[in-house]
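The values are calculated or read from the model by the stated rules, or taken from the named source; none is laboratory data. Everything numeric in this text was worked out from a predicted model, so none of it was measured. Cβ atoms come from the backbone with ideal geometry, glycine included; neighbour counts cover every protein chain shown. Just the protein is used for accessible areas: all its heavy atoms, side chains included, with ligands, DNA and RNA removed. Shrake-Rupley method; radii C 1.70, N 1.55, O 1.52, S 1.80 Å.
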Amino acid sequence: MTLLERVSLASRTTLGVGGPARWFVKARKEAEILDALDWAAARGVPVRVLGGGSNVVIADAGLEALVIQIALRGRETREAAGAVELTAAAGEPWDELVGHAVERGWAGLECLSGIPGLVGATPIQNVGAYGQDVSQTVAGLRAVDRTTRRLVTLAASECRFGYRDSFFRSAEPDRFIVMEVTYRLRPGGAPAVRYAELARHLDGRGLAAPSLAQVRESVLEIRRAKSMVLDPADPNRRSCGSFFVNPVLPAGEAARVESLVGADAGMPRWPEPDGRVKLSAAWLIERAGFRRGERAGPVGLSTRHTLAIVCHEGAHAGDVADFARRVRDGVAARFGVRLAPEPVFWGPVGLDGGA
Ligand SMILES: Cc1cc2nc3c(=O)[nH]c(=O)nc-3n(C[C@H](O)[C@H](O)[C@H](O)COP(=O)(O)OP(=O)(O)OC[C@H]3O[C@@H](n4cnc5c(N)ncnc54)[C@H](O)[C@@H]3O)c2cc1C
């Protein structure tokens with residue numbers, strides 16, 4: 001492995017803020033990940049795992065840690081009882097994998113087109129969009145368990161997927177490093193058109209029975225209009241996507257929130273199978289008085305997506321956290337609902353005074 005020192009991390013994240021890593025390894029082979037873990041364990045150095053950097057906020061002070069950037073590549077397929085199992089190394093770019101599946105007519109990932117980042121991160125927060133998430137297709141994954149340094153194979157049921165959540169994110173963060181993920185896809189399967197906005201877009205194109213490729217095109221078009229694909233020419237490009245997850249509340253709480261705005265306000269609400277209700281974080285943010293394009297110095301809300309906090313020239317991680325806290329506290333004051341951030345925070349930065 002090649003160990004580097006004091007490596008800038010800002011350029012390795014989509015927000016483009018944050019200080020350097022004290023130590024840094026770009027791991028192209030599994031053995032390099034194990035060597036890096038051994039190196040860190042021998043010195044008592046904390047380890048952080050970086051994929052495409054599209055869901056992290058890194059402290060301006062940087063990290064007194066070893067950052068392992070996952071650059072494992074490769075994919076293979078296997079036929080399995082009417083399905084195709086597509087296994088991809090953790091460092092494969094996610095959207096290329098989706099494109100690969102769609103081109104071959106394998107259904108299951110098409111609505112997840114255009115999401116930045118790498119394969120290895122997709123199980124961490126159960127990446128999802130437009131009515132699909134990876135819990136619907138992940139068959140299993142291979143990972144290294146940092147507590148034992150052993151390679152393990154985990155079935156989908158062991159990942160304990162939830163809405164933007166998994167065992168890896170909330171139960172045992174930092175315990176596993178994902179090496180490869182297997183997705184079970186449906187050859188010749190119909191695309192998933194479950195989401196009203198996607199259905200309307202396809203309707204607008206006159207596509208009553210769209211192909212996987214047409215669904216991918218529509219998803220990419222919808223996302224582009226919201227600055228939700230990475231585009232170097234887009235002034236809203238420096239974000240980590242949605243900054244807050246949609247809150248899921250007990251039905252009584254959701255009714256209380258609705259009573260604050262009145263039943264005729266058209267509050268978006270989606271019933272969950274367990275009886276709770278998911279509300280729209282974007283809608284709550286707007287109703288709490290925040291506007292798209294609103295800025296506080298070098299950071300602000302995207303002009304095209306209320307949920308995205310965007311960095312501009314001169315922004316620091318501290319500015320992102322301050323602005324996000326203002327939004328979270330504004331929603332709490334108006335509705336008594338505490339929004340939870342979607343990205344992870346590394347080092348002394350966070351909405352509650354820094355981690
Ligand atoms: C414009 C934009 C749009 C987005 N849209 C969506 C969306 O529609 N839906 C959605 O769900 N997300 C979305 N995101 C968030 C983000 O793209 C996803 O969460 C993505 O999966 C993060 O991948 P990454 O490789 O960049 O992970 P990173 O940001 O590098 O890491 C994120 C977390 O995963 C961990 N991690 C990364 N790789 C591994 C690994 N191999 N093993 C163990 N842990 C690992 C990291 O330690 C960190 O905790 C969007 C982001 C942007 C910038």
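Details
- Region 248-355: C-alpha gyration tensor shape, a/c 1.5 cut-off, then a/b vs b/c: prolate
- Ordering GLN214, ALA324, ALA42 by Cα displacement along the dipole of the chain toward the positive end leaves ALA324 in first place; charges were set at the Cβ atoms of Lys, Arg (+1) and Asp, Glu (-1).
- Here's the list of aspartates and glutamates a cross-link from LYS226 could span, going by alpha-carbon distance under 15 Å and ignoring same-chain residues fewer than 8 apart: GLU197, GLU217, ASP234.
- Share of carbon and sulfur in the accessible heavy-atom surface of region 1-131 [1.4 Å probe, %]: 47 percent
- For the chain, the relative contact order works out to 16 percent when only alpha carbon pairs closer than 8 Å and six or more residues apart are counted.
- For region 138-210 versus region 287-355, the gap between their alpha-carbon centres in whole angstrom: 27 Å
- Lys, Arg +1 and Asp, Glu -1 on Cβ, resulting dipole of the chain about Cα centre, debye, nearest 20: 220 debye
- For region 2-121, the solvent-accessible area of protein heavy atoms averages 39 Å² per residue (probe radius 1.4 Å; ligands and nucleic acids excluded).
- Three-way shape label, region 82-144, alpha-carbon gyration tensor, a/c 1.5: rounded
- Shape of the chain, Cα gyration tensor, a/c cut at 1.5: oblate
- Accessible area per residue for region 242-342, computed on protein heavy atoms with a 1.4 Å probe, is 44 Å².
- Once the Cβ-Cβ distance of ASP145 and ALA190 is raised to the sixth power relative to R0 = 35 Å, the FRET efficiency obtained is 0.40.
- Selected from VAL245, VAL57, VAL344 as most flexible by GNM, with the chain as the system and alpha-carbon contacts under 10 Å: VAL344
- Result for the chain in a Gaussian network model with C-alpha springs under 10 Å: among GLU92, GLU172, GLU32, the largest mean-square fluctuation is at GLU172.
- Sorting GLU313, GLU197 by solvent-accessible area of protein heavy atoms yields GLU313, GLU197, largest first, with a 1.4 Å probe.
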